[in-house]
Each structure stands twice: as C-alpha cells, then as structure tokens.
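Below: one structure, written as structure tokens.
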Amino acid sequence: NVLSLQARRDLRRSVMTDNSEGLQVESRGNTRRLKLLLDLTTEAVSNREVGGFVKAVMMRIKSALDSDGVCILLKRQKEGELDLYALDFRSEGGSFKERVVMPRAGTIVSYVLKTGEPWAGTRDQACANFQSKILLKEQFSTGCMLPLSGRNGVVGTLGLVRAEHHPYRQDELDFLAGVSNQIGLALENALACHEISELKDKLAQEKLYLEE
C-alpha cells in the first residue's frame, strides 16, 4: 500500500511537471505568434515597396513558425503567370529568391487562387493531385498554401513547407489564415502604390517627350 501510494504521488508529480512544461511551450508559441502579428502591422505601415515588404514578412514568419521554407506568389498582369518570392530557412541567413516569373497552370497555387481555399498535405498528395511539380522540391515533405486576400479579391498565395513529416495542425492553419489576410491587405496597398508610382513615371516621361 505504501509503495502504491508513493507511485501515485510520483505519477501525479510527473503529470503536473509535464503539464507545466507543455503550458510553457504553448505560451512561448503564442507569444511568437502575437509578435508576428504586431510586426506585420509595423511592416505594412512602414514598408510600401513590394519586394522589401515580402522579404520582411518572410523573415518575420521564420521567427514565429516552425518551417523550413516559405514562398509568396503574386498574380502578374499577364494571365497565367506568377511572381515567385521564396526563402529557404535551412541555409545560413536564408536563401532568398526575388521575383522569379513562373507559370501558374497545374500548380497548387492555381488551385488556391481559383477556389480561394487553403491547401495542406504531404508531397505525395501534392504530386498525385497537381500536374505541375515546379514547387514540389525534394526537401518538401509536408506543406500548406493559403490565399492572400485583399479587399478586391485574392492577390496571391502564402506557402510554407517542412522537410520532416510534420503536418501543419489545424490551429496553425487557422492562425496562418489570419496572417494571410493581413499580408493580403498590405500587399494590395503596396501593389496599388507601385502602380501609381509607375503611372507617375510614365506621365513624367511623356511630359518630357512632349516638351522636347
């Protein structure tokens, strides 16, 4: 009976310790997520240049979420093409690709843009369901792709991948959905500012031409 009582006490102490450690891990995760949302707000206000904003967003995501890579793909004016921005977290400092043009047809991106719905799954599932393998690199074991929604529709997608078989949980996908909406609104504003800037430059060149 004494041994049984002591065993129960040890078990209860062990459970309390495990719960405490679990709460600490969850708390740290929630703190990182909250900081990401605040940082995104800051970047949206201070950084109106599309490429600079996208890169800053990727670096913020790196510090808040357990992922080995992230990509943002934006619609181009030319139908059927995308601008790809990608960051590989595994290399020192991160390997960043800026504005690489790629075709949309047959990709996970095309599905997300068309349906407005997120996708999550394994590389095998992606290979079985999507014709284009351009985004399905060997280091991709599990991943997710979410729409970046602005006020006037979907402007692109946010994708994250993991090298190990560690599927994104529903709570992570729910959080990323909120992050994606925030990024989408900021990118819509940045793209509008970019178009206005290009229009001003064009008008200035035409004015100079007419004066000459």
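Read-outs throughout are calculated quantities, based only on the coordinates presented, and are distinct from any laboratory measurement. Keep in mind that what you see is a predicted model, and the values were worked out from it rather than measured. Cβ atoms come from the backbone with ideal geometry, glycine included; neighbour counts cover every protein chain shown.
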Legend entry - Total formal charge among the other residues, if their Cβ is under 11 angstrom from that of His166, Lys/Arg +1 and Asp/Glu -1: -2
Inset, instruction - Pull out the extension gain between Glu79 and Asn152, defined as 0.36 nm times the separation in residues minus the alpha carbon to alpha carbon distance; nm, one decimal. - result: 24.6 nm
Legend entry - Estimated inter-spin distance, Tyr111 and His165, nm [label 7 Å along Cα→Cβ]: 1.9
Legend entry - FRET efficiency, Ala177 to Arg32 (Cβ-Cβ, R0 22 Å, nearest 0.05): 0.80
Inset, instruction - Using packing as a proxy for protection, rank 173-185, 99-111 so that the peptide with the highest average count of other Cβ atoms within 10 Å comes first. - result: 173-185, 99-111
